[in-house]
Amino acid sequence: MMRCRNKLKNVKQLIDLSGRRAVVTGGSGFLGATFGDALAEIGANIVLVDIDEAKLNKSAQDIMSRWGVSVEIITCDLELESERNELIQYLHSLPSVDILVNNAAFAGTSNLEGWVVPFEEQTVDTWKRAIEVNLTAVFDLCKGCAPLLKAGMGGSIINISSIYGLSAPDYRLYEGTQMGNPAAYSASKGGLLQLTRWLSTTLAPNVRVNSISPGGVFREQPQEFVQRYVSRTPSGRMATEEDFKGAIVYLASDLSSYMTGQNLIVDGGWTVW
C-alpha cells in the first residue's frame with residue numbers, strides 16, 4: 001500500500017544538501033569547478049577529481065573560502081583503468097558518497113593527431129581514447145560507486161552529455177576555423193544518454209540517474225564560429241558556466257526526487273530548430 005507523506009517539505013528543505021557528499025569528475029575544469037561550487041553552496045561536501053593537482057587545489061580553495069564546506073581533491077587519469085580502480089577504492093573509504101557527477105570528458109585539442117580532421121583521417125586510437133574517458137570510465141565509476149550511492153542519502157548520478165549526443169554537427173559552423181566535431185565525441189555522448197536510461201532502471205529505486213546536455217559554452221572561440229552559433233540559437237548567445245547551475249542543483253537535490261532516466265537539455269534552444 002502506498003503511504004502518504006505526513007509532512008510536506010518546503011523548497012529550502014528539498015534543495016538542502018547538508019550532510020551529503022558529491023563527487024565531481026573533471027573538477028578543475030570550467031564546468032566541473034562550477035558544478036562543485038553550486039553543490040557546495042547548498043551544503044554538500046565536495047570531492048573534486050581531475051588530472052591537474054594545481055588546478056584542483058585552486059578550485060578546492062575557492063569553494064572552501066566561499067562556502068565553508070569540506071572539499072577533498074583526488075588526482076586521477078580516468079583514461080587508465082588502474083587509476084579508476086584506485087579512485088573507487090578511495091571513495092569506499094569515505095563516510096559516504098551520495099552524488100556522483102560524471103563530468104570529465106575527452107574533448108581533445110585541435111592539434112591532436114587523428115582528432116579534429118576529416119572523417120577519413122580520424123584514427124582508431126583517438127576513438128578509443130574518447131570512448132574510454134567519456135563512456136567506459138562512467139560505466140566503471142557508476143558500477144564501483146553503486147553500493148555507496150544506494151546506502152547514501154538520496155543517491156543521485158548526473159551524467160554530463162552534450163547537444164552532440166542528440167544532434168548531428170552542422171559543419172557550416174566550423175568553416176574557416178580549426179574547429180571540428182570528431183565522430184568519437186558525438187558517439188560517446190550519445191552512448192552516455194542511453195547508459196543513463198539503462199542505469200535509471202537498473203539502480204532504481206535507491207539511486208536516481210539523470211543527465212544534462214549542455215549547449216556550446218563560450219570559450220573565446222573564433223569570431224566567425226561564435227556568430228554562426230549564436231545566429232542559430234533562439235536565446236541569441238552562447239552559454240556561460242552559470243547557465244548550468246540550476247540544472248545540476250535540481251538533479252542533485254530532492255527537488256528532483258521523483259525524476260530519473262531523464263535528460264535536461266540546457267542549450268538556449270539550439271536543438272529546437
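The values are calculated or read from the model by the stated rules, or taken from the named source; none is laboratory data. None of the values given here were measured: they were computed from a predicted structure. Here Cβ is always computed from backbone atoms with ideal geometry, including for glycine, and neighbour counts include all displayed protein chains. The protein model used for the area step is the full one, side chains on, heavy atoms only, and it has no ligands, DNA or RNA in it. Shrake-Rupley method; radii C 1.70, N 1.55, O 1.52, S 1.80 Å.
Considering only region 37-74, state which residues are closer than 24 Å to Ser188 by Cβ, outside any loop (DSSP other than H, G, I, E, B) and open to solvent by less than 70 Å² (accessible area, probe 1.4 Å). Even if it seems obvious, please write down each step before you answer.
Within region 37-74, the subset closer than 24 Å to Ser188 by Cβ is 47-52, 55-56, 74.
Within this subset, residues satisfying the condition of being outside any loop (DSSP other than H, G, I, E, B) are 47-50, 55-56, 74.
Hits for region 37-74 are Val47, Leu48, Val49, Asp50, Leu56, Ile74.
Applying the selection to region 260-273, what residues are surrounded by fewer than 17 Cβ atoms within 10 Å (Cβ to Cβ) and farther than 17 Å from Asn102 by Cβ?
Gly269, Thr271, Val272, Trp273, listed by residue number.
Test Gly246 against the stated conditions and say whether it is open to solvent by 10 Å² or more (accessible area, probe 1.4 Å), on the phi > 0 side of the Ramachandran plot and either among the small types (Gly, Ala, Ser) or in contact with a strand residue (DSSP E or B) (Cβ under 9 Å, 6 or more places away or on another chain) (or both). Reasoning before the result, please.
On the way: open to solvent by 10 Å² or more (accessible area, probe 1.4 Å): yes; on the phi > 0 side of the Ramachandran plot: no; either among the small types (Gly, Ala, Ser) or in contact with a strand residue (DSSP E or B) (Cβ under 9 Å, 6 or more places away or on another chain) (or both): yes.
Criteria not met by Gly246.
Here is a check on your reading of the model: is Ala239 at pLDDT 95 or above, buried (at least 19 other Cβ atoms within 10 Å of the Cβ), more than 24 Å from Gly144 (Cα to Cα) and among the small types (Gly, Ala, Ser)?
Numbers: at pLDDT 95 or above: yes; buried (at least 19 other Cβ atoms within 10 Å of the Cβ): yes; more than 24 Å from Gly144 (Cα to Cα): yes; among the small types (Gly, Ala, Ser): yes.
For Ala239, the condition - at pLDDT 95 or above, buried (at least 19 other Cβ atoms within 10 Å of the Cβ), more than 24 Å from Gly144 (Cα to Cα) and among the small types (Gly, Ala, Ser) - is met.
Considering each of Ser235, Ser213 in turn, give the residue that is part of a strand (DSSP E or B) and of a type in the set (Gly, Ala, Ser). Spell out the reasoning first.
On the way: Ser235 fails: part of a strand (DSSP E or B).
So the residue among Ser235, Ser213 that is part of a strand (DSSP E or B) and of a type in the set (Gly, Ala, Ser) is Ser213.
Quick one: in region 123-149, which of the residues that are more than 21 Å from Pro205 (Cβ to Cβ) and basic (Lys, Arg) is most open to solvent (accessible area, probe 1.4 Å)?
Lys128
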